[in-house]
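> Encoded as structure tokens, here's the structure I'll be asking about.
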Amino acid sequence: MAVKIPNSIDELPTSSPRFIGHRVKRVEDTGLVTGRTEFIDNVSMTGMLHCAILRSPIAHAKIEKIDVSAALDLPGVVAVVTGEDAAKWSHPAASSPDGWGTYCLPADKVRFVGEPVAAVAATSRYIAEDALELIEIEYEPLDVVSDPVAAMEDGSPLVIEERGSNVMLQRVFNWGDTDAAFAAADHVFSEKFRWNRLGANPIETYGCISEWDPTELGITVRGAFQSPSHMALGRAMTFGLPSNKVRMIAHPHGGSFGGKGGVRGTDVSLLLSRKTGGRPIKWIEDRMEYLAAGGSQAWDRRYEFSIAVTNDGIVTGLKVKLVDDIGANGEGFGAISAAKPLAAFTGPYTIGAAQYDLSLVATNKAPASPYRGMGPPPHNFALEQMMDIAARSLGIDTAEFRRRNFIPKDAFPYIIPSGNEYDSGDYEAVLDKVLALSEYEKLREEQKLAREQGRLVGIGVASAIEPGVFDWNAYAVVGVQGTGVPEGATVSIDILGKVMVRVGFALEGQGQYTLVTQLVADYFGLEMEDVSVTMLDTASAPPAFGPGGSRLGVAITGAVLGACDRIRVKMCKVVAGLMQTEPENIQLMDGVFGIPGVSEAQMPMAQVAGTMLGASHLLPPDVDPRPEATHVWTAAGRTPVDEEGRTKSYLTAAHAVHIVLLEIDPDTGMVEIQKYVLVDDCGTRLNPATVEGQTQGSVAQGIGAALLEEYVYDEDGQLLTSTYMDYLLPTIHDVPALVMGEVVTPSPFSPLGAKGCGEGAIHTTPAAVMCAINDALVPLGTRANEVPAAPNRLWKLIHTARENTSSD
Amino acid sequence: MKPPPFEYEAPTTIQEVVALLQQHDGEAKILAGGQSLMPLLNMRFARPTALIDLGRMTDLDYIREENGAIAIGAMTTKRSVERSDLVKSRQPLLHASTTWIAHPQIRNRGTVGGSMAQADPAAEYPAVAVALDAEFVIAGPDGQRSVAASDFFITYLTTALKENEVLTEIRVPVLPERTGWSIQEVARRHGDFAMVGAVAILGLAGGSCESARVVLFGVGATPQRATSVEQALIGQAASEALFATAAEKAAEGLEDTISDVHASAEYRRHLAQVLTRRALAEAAERA
Amino acid sequence: MATMKTVRMKVNGVTHESEVEPRTTLVDFLRGPLALTGTHVGCEHGVCGACTILVDGRTARSCLMLAVQADGAEITTVEGLATPEGLHPIQQAFIEEHGLQCGFCTPGFLMSLVELLSENPDPSDAEIKDVLGGQICRCTGYQSILKSVHSAIAKLRTAGVAAQPPLA
Ligand SMILES: Cc1cc2nc3c(=O)[nH]c(=O)nc-3n(C[C@H](O)[C@H](O)[C@H](O)COP(=O)(O)OP(=O)(O)OC[C@H]3O[C@@H](n4cnc5c(N)ncnc54)[C@H](O)[C@@H]3O)c2cc1C
Ligand code: FES
Ligand code: FES
């Protein structure tokens, strides 16, 4: 019998859900507010040594000689590893596009500042760092290429010589007749954009404790893994081990946002463990390591956008050219974030034809990593600027211009030119609501007055899609194989009717354990306290990926409800046997099994469980006596890519419109956000408080992206923003109070109709802030096309524009 | 990010401090609040053989008025300055500048002496010291000497303090009558070091500028007096227009303007003018 | 190796005495030998605030202090907030108002708020922001933290208790 997973809350076996859809307190929080939650750096093991990693101070150089003898002589030092050990015991990173992976410790040359070259295991981190200073390395500097455009030219220094070029991938995708759309257009608008490197920066860096078992030839790693199963596969490939000999134990971690990284450090610590005969090696990445070479850096992009527009303001074609600077290799999965925009290439609009001219380029910079949003935020930023450029040129209000181009609500499911299918939505309703909430007309009036006083006040209206529930097929165009991302959960009920749910991912902050608890409690009519959630390691967990690509909320809902349904079916059999009827006649409602309408034929779930586990003589002969089931959920209907890279990838499409009012101080270039209003539609809200939190946090990251955050390299490939004094994260002063509203269009495809919403506002916020900045700049006839809009950049634009007008 | 090894001393008298400094022959470092030194140690950018912790020197923690000046012990924390009623009433500029420095958690430990000795070009206190003609009291092997603020800050992170000397007190003249003041700065985020800051002190008599002191920070290696601005003001009737024209001279004479990832030299020179104008206007209001 | 030093300090009411290397940072001392791992490390250069604790009742970055500097001091860490009877009102407020997500930054926020609210039981938003400006949270966007602070203020007022656990 097919497992039944409700598509709406109404289909849950409860007359009125007490937890799902409510703002419940999180089950995660007591441990966190008391400091008891076991983050990886809290763990110590017998015989444990501490690892410190020596990193290259040069962006590109041959390693001539490494002398570790003095380091080995330091009391407390147990082992040192170098590229020699890596070459002997491991393979190049499997996470890179084919042929672009390098060893965790290179033996031949270094390719970016911060690249590991040697590592020490010692009795304390202090001593390990002392030992690093005793390692002598002779480098022969090579020419550095830090600009991706220069890197594409013939004769450029090569990051990986064997490849013969720095271009990892170059491809032009054509979806529909783009040229015809442009030829037929009344107007064509083109603009160049620059999005500078930024990144995840969770407050906890990566950390792990690695153990190599010299007898079993297997490894165990405890650590802050966003996706333990994925890390496990990678380690198996890197160390040439059977995947069943690799065990990853995930610990709760202090955020990830895609950028936890840690792959190299894990591999280095594993080499050290092997060299020390299997001692546990702890490596805690420090903040400077994270900033220079952790999973810290993403999206270093140069864009050219063109749109074709009709006289009545309909966008008919889109051309995008992207040069994506991936850094020294693709080992951090940075290469795949240029593929994700395919899932929402044309945004919430009916644009019928599109072209994507994509180049992924290697340079002597840190390898690019994933970051919340995984690629579309820069794309959306540029697309939304284009919408404004067109609207202004045609004299149409920017909000109205979007409305004209929105996919209408009766057109869903809707397939966009790049192949993905949007499940549902009501974009106009979202726009109407945010216009009303923000008192948009009034804002425009205020702006008019301000402009008359010569003030630079701008209003940004930006709209974007958040593809939810990722699928590997979304990344097929950059060489990632696979369709479907299974997520499993085991629901297990004890003899007293209490429930344990076993999952394959650790706490990361989004509150999924709470969600699991809500689901099970409502499904079986229990209190939240009656349900607990445990993380299993990769050796015992059902197939699982964990958080990522706005998927886990939906996926774990599917897994848990699937497992609950399997148990329900078993229990119905048991109850039917006891009541001498057919299982089809038994119904579960509010935690009680029974024959509907027959009051004496009712049995609470706990009693059924008790019977299954403690009264075997009462059970029907053919029944499986375990009140336990595992369900592995994956999105249905996903398709492999076609020859143009098109596929149904992401299952859901959440939508949002943000409105920002801000003012630029023309004398300093400083931006003050005065009002921030947003309305989003992410389908059914399973825990509104969590959704709200994800949105608020994501807005803050989006504001960081638009105004503050940037990794700056000089021409020699030296990182100039190597501490938090220079890489600027938003503080409480930088994030305005938010006004938030919602529209709910449940997904017809997903468990309970929820849509992925974990990435959230970062898809829209940078676009909205930049739209507002450019709106403010209109009277000066200049534009800000570079992110972040740091004050020195804005001032320069304003200053130049003023000089030009005064010299006219 | 763990500090390199060093010896640790926690003396309780100035004589001991000086003796220890001599004993370590220029290789020791004084530790005050640690809010600048500790990051450098954690990053291993500083490698002293010993730290001489002034944390037990409780007699260097005071704020008192003496002979027309506020005398502040080097180990007085910024928190104490921020909360001192004496400072608020008698030298409000010093109070106001304190609130621009970092965050309460840092001000709880960071000291006045530490900020002066650190001499960060973008720091508020050195600029305020120069603007107010503060005096620095220094103890060394040959006893005590005092140095004027204008001679104390030599260049980037470098002061008149010799290797075997310790700063013991900063004497800040109280604000004269009919004198207005202002501190303005632009930082990327609240609490960050300034990209550029300006301090103005304006003495008005009958609507005209009797005295003027303008000091810029974050532009050059040390706090810089904008003497051309000052000259353009003296004897002139205070007005928005005067401040605007005077402020245009703020970038004149600035040497080796800093350029970094947050602000180009050109932008800094521009900010110097903007902030000078704003500081003068506010100072005039307060005068 | 440098000469070891003996330090004695009272942490959450319990007196500890040990030998330390002078370079040991206070946060490493608390998390290592004292096994008080609730104080977190996010940057080790004073910016993030994850390591914020109370030293003699005042907030300090424990990554920017040496253990030897705390000799003779009274220290409160997040472990010192809850009692066997229950959570501290500020902790409760953070749970109720969803003032945390990953929770890694939370101990630092709590300690900063303990200092603020014990000195100023009814702070303005500007005063709250002045203090929390020194604490970075990457997850929440601060909105729910601000709400939690307001809820904590109300809870403390109703309970009529001081935010700061009395120093022993
Ligand atoms: C996150 C953060 C943000 C900050 N933001 C700002 C800011 O906006 N503005 C600002 O001005 N500062 C800022 N600071 C620096 C802070 O103000 C420091 O407290 C200050 O610069 C140094 O004071 P300290 O007492 O901590 O000195 P320490 O760090 O202990 O010492 C600094 C230097 O001075 C020497 N020294 C200290 N005292 C003496 C003495 N009495 N005699 C001789 N030498 C001495 C030391 O040897 C050392 O070289 C910030 C710091 C941090 C961590
Ligand atoms: S770890 Fe101490 S402030 Fe970041
Ligand atoms: S809750 Fe994750 S950093 Fe604040």
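The values are calculated or read from the model by the stated rules, or taken from the named source; none is laboratory data. Values in this document were obtained by computation on a predicted structure and should not be read as measured data. Neighbour counts run over all protein chains shown; Cβ positions are idealised from the backbone, glycine included. Remember, those area values only see protein heavy atoms, side chains included, never the ligands or the DNA or RNA. Shrake-Rupley method; radii C 1.70, N 1.55, O 1.52, S 1.80 Å.
> To the nearest whole number, what is the average tally of beta carbon atoms from other chains within 10 Å of the beta carbons of peptide C:122-134?
Numbers: counts 0, 0, 0, 2, 1, 1, 1, 4, 7, 4, 5, 12, 11.
Counting Cβ atoms of other protein chains within 10 Å of each residue's Cβ and averaging gives 4.
> Expressed in nm², what is the orientationally averaged projection area of the convex hull enclosing the Cα positions of chain B?
Result: a mean projected hull area of 14.6 nm².
> A drop of at least 20 square angstrom in accessible area, chain alone versus all protein chains together, probe 1.4 Å. Which residues of the range A:768-793 meet that?
A:P791, A:N792
> Hey, if you put +1 on the Cβ of every Lys and Arg and -1 on every Asp and Glu Cβ in the protein assembly as shown, which of A:G295, A:I135, A:S393 ends up farthest toward the positive end of that dipole?
Value computed over the given set: A:G295.
> With no other cysteine's Cβ closer than 4.7 Å, which Cys residues of chain A count as lacking a disulfide-compatible partner?
A:C51, A:C104, A:C208, A:C564, A:C572, A:C771
> Roughly how many Å is it from the Cα centre of the range B:150-201 to that of the range A:43-82, as a whole number?
Using only Cα atoms, the two centres lie 43 Å from each other.
> Using +1 at the Cβ of each Lys and Arg and -1 at the Cβ of each Asp and Glu in the range A:82-220, identify which of A:N201, A:G83, A:F182 lies farthest towards the dipole's positive end.
So the residue we want is A:F182.
> Rounding to the nearest 20 debye, state how big the charge dipole of the range C:5-80 is about its Cα centre with +1 on each Lys and Arg Cβ and -1 on each Asp and Glu Cβ.
120
> At 37 °C and 0.692 mPa s, grab the translational diffusion coefficient of the range C:11-78 from Stokes-Einstein with a Kirkwood Rh over Cα pairs, rounded to a whole number in µm² per second.
280
> Which residues does the label zone of A:L720 cover in the range A:101-137, counting backbone N under 17 Å from a point 7 Å along Cα→Cβ?
A:113
> Go ahead and estimate [θ] at 222 nm for chain A from helices alone: -39,500 (n - 2.57) per DSSP H run with n ≥ 4, summed, over the residue count, rounded to 500.
Using -39500 (n - 2.57) per qualifying helix, the result is -8000 deg cm²/dmol.
> Express the carbon and sulfur contribution to the solvent-accessible surface of chain B as a percent, rounded to the nearest whole number, probe 1.4 angstrom.
Numbers: 4940 of 10750 Å².
Answer for chain B: carbon and sulfur cover 46 percent of the accessible area.
> Expressed in nm to one decimal, what extension gain is obtained for the pair A:A107 and A:L394 from 0.36 nm per residue of sequence separation less their Cα-Cα distance?
Extra length from A:A107 to A:L394 when fully extended: 97.4 nm.
> Can I ask one more? Just to confirm my numbers, what's the Cα centroid distance between the range A:657-679 and the range A:264-298 in Å?
41
> Follow-up. So for the protein assembly as shown, taking the charge dipole from beta-carbon charges (+1 Lys/Arg, -1 Asp/Glu), which of A:V592, A:A382, A:I20 sits furthest toward the positive end?
The listed residue farthest towards the positive side: A:V592.
> So, taking all protein chains as they sit and a 1.4 Å probe, how much accessible area belongs to A:H91, in Å² rounded to tens?
It works out to around 100 Å².
> Right, something else. Counting only heavy atoms of the protein chains, get the accessible area per residue of the range B:58-173 (1.4 Å probe) and round it to a whole Å² value.
36
> Springs between alpha-carbon pairs under 10 angstrom, Gaussian network model over chain C: which of C:G46, C:G103, C:G57 fluctuates most?
Fluctuation is largest for C:G103.
> Continuing with this model, one more query. Rank by packing, highest mean first: peptides A:659-665, B:227-233, A:450-456, with packing defined as the count of other Cβ atoms within 10 Å averaged across residues.
A:659-665, B:227-233, A:450-456
> On to the next question. Rg and Dmax of the protein assembly as shown, using alpha carbons, in Å: what are they?
For the protein assembly as shown, the Cα radius of gyration and maximum Cα-Cα distance read 31.5, 108 Å.
> What residues of the range B:1-21 lie in the reach of a label at B:K162, counting those whose backbone N is under 19 Å from a point 7 Å from the Cα along Cα→Cβ?
Within reach of a label on B:K162: B:14-21.
> Carbon and sulfur: what percent of chain A's accessible surface (1.4 Å probe)? The partial results should precede the final answer.
On the way: 13460 of 26390 Å².
In chain A, the share of accessible area belonging to carbon and sulfur is 51 percent.
> Same structure again: Testing the spin-label approximation: label points 7 Å from Cα along Cα→Cβ at A:S44 and A:S16. State their distance in nm.
Going from the A:S44 label point to the A:S16 one covers 5.3 nm.
> I've got another one for you. In peptide A:39-45, what is the residue-averaged number of other protein chain Cβ atoms found within 10 Å of each Cβ?
3
> Considering protein heavy atoms only and a 1.4 Å probe radius, which residues within the range B:86-108 exhibit an accessible-area decrease of no less than 20 Å² in the full assembly relative to the chain by itself?
B:H103, B:P104, B:Q105, B:I106, B:N108
> Can you tell me which of B:A96, B:A160, B:A46 moves the most in a GNM of chain B? Springs connect C-alpha atoms under 10 Å apart.
Sorting by GNM fluctuation, first place goes to B:A46.
> Any chance you could look up the accessible area of A:E508 with a 1.4 Å probe, heavy atoms only, rounded to 10 Å²?
A:E508 exposes around 10 Å² with every protein chain in place.
> Is there a quick way to get the dipole size of the protein assembly as shown? I mean about its Cα centre, with the Cβ of Lys and Arg at +1 and of Asp and Glu at -1; what is the value in debye to the nearest 20?
So the magnitude is around 1320 debye.
> Which shape class applies to the range B:197-243: rounded if a/c is under 1.5, otherwise prolate when a/b exceeds b/c and oblate if not, where a ≥ b ≥ c are the square roots of the Cα gyration tensor eigenvalues?
Note, shape of the range B:197-243 comes out prolate.
> Hey, what's chain A come to in accessible area per residue, 1.4 Å probe, Å²?
Per residue, chain A has an accessible area of 33 Å².
> Go through A:309-316, A:579-586 and give me the packing order, highest mean Cβ count within 10 Å leading.
Going from most to least packed, we get A:309-316, A:579-586.
> Compute the FRET efficiency between A:V172 and A:T310 as 1/(1 + (r/R0)^6), taking r as their Cβ-Cβ distance and R0 = 22 Å, and round to the nearest 0.05.
Working from the Cβ atoms, E equals 0.35.
> For the pair A:E439 and A:V480, how long in nm is the line joining their label points, each one 7 Å along Cα→Cβ?
4.5
> Need one value for C:3-9: mean number of C-beta atoms belonging to other chains within 10 Å of its residues' C-beta atoms.
Average neighbour count from other chains, rounded to a whole number: 1.
> Just to verify a number: FRET efficiency for A:A411 and B:D260, C-beta to C-beta distance, R0 = 41 Å, to 0.05?
That pair, A:A411 with B:D260, gives E of 0.20.
> Determine, for each peptide in A:213-221, B:212-220, the mean count of other beta carbons within 10 angstrom over its residues, then list the peptides with the highest first.
B:212-220, A:213-221
> Please give the charge dipole size of the range B:7-53, origin at the Cα centre, charges +1 on K and R Cβ atoms and -1 on D and E Cβ atoms. Round to the nearest 20 debye.
So the dipole magnitude of the range B:7-53 works out to roughly 260 debye.
> Still on this structure, please answer the following. Quick check: from the Cα gyration tensor, does the range A:371-416 come out rounded (a/c under 1.5), prolate or oblate? Walk me through the numbers on the way to the answer.
Values: a/c = 3.11, a/b = 1.13, b/c = 2.76.
The shape class here is oblate.
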